[in-house]
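These notes concern the structure reproduced below.
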Amino acid sequence: MKLTLLSLFMLITFSSFAQNVEKGAQLYGTCIQCHGEKGLGIEAQKAPRVAGQHDWYIYTQLVNFKSKQRVNEKMYPYIKNLSEQDFKDLAAFVAQLK
C-alpha cells in the first residue's frame with residue numbers, strides 16, 4: 001500500500017512539471033558509456049536496459065540513487081550534482097528511447 005501511494009505521488013509530482021527532452025538528451029551523454037547509446041544496457045558494465053521505461057520510474061530511481069535510498073556507487077558520481085529538473089529532463093528523454 002505504501003509503495004502504491006509513493007508511486008502515485010511520484011507520478012503526480014513528475015507529470016506536474018515540464019520536461020525538456022532536448023536537455024535530457026544532452027544529459028544522457030554521460031549515461032551512454034554504461035547504458036548504451038540506445039539505452040539497451042551494457043552487460044559488461046552490469047548496466048540495465050533503460051530504454052522504454054516509464055519516465056516516472058526513471059525519475060524515481062534517480063531520486064533514490066541520489067538520496068542513497070538505492071545504493072549504486074558506480075552510478076552515484078554521475079548523478080550526485082544533477083538537479084530535480086535534470087532528473088525530469090533525463091527521464092523524459094530515456095522514456096522516449098525504444
So residue 71 fits all but one of (1) surrounded by 14 or more Cβ atoms within 10 Å (Cβ to Cβ); (2) outside any helix (DSSP H, G or I); what number is the exception? (1)
Would you check if residue 60 is part of a loop (DSSP other than H, G, I, E, B) and hydroxyl-bearing (Ser, Thr, Tyr)? no
Here the residues within region 13-57 that are in a loop (DSSP other than H, G, I, E, B) and among the charged types (D, E, K, R) are 37, 38, 46, 49
Selection from region 74-90 of residues that are in contact (Cβ under 8 Å) with a residue 12 or more places away in the chain, under 20 Å from residue 24 (Cβ atoms) and not in a helix (DSSP H, G or I): 75, 80, 82
Kindly evaluate residue 41 against the criterion of being touching a helix residue (DSSP H, G or I) at 6+ places or on another chain (Cβ under 7 Å), on the phi > 0 side of the Ramachandran plot and surrounded by 12 or more Cβ atoms within 10 Å (Cβ to Cβ). yes
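With respect to residue 73, is the statement that it is modelled with pLDDT of 95 or more and of a type in the set (D, E, K, R) true? Write out each step before concluding.
Values: modelled with pLDDT of 95 or more: no; of a type in the set (D, E, K, R): yes.
Judged against the criteria, residue 73 is not a match.
The values are calculated or read from the model by the stated rules, or taken from the named source; none is laboratory data. The shown structure was predicted, so the numbers you read here are calculated from the model rather than taken from an experiment. Quick reminder, even Gly has a Cβ in these numbers, built from the backbone with ideal geometry, and neighbours come from all protein chains shown.
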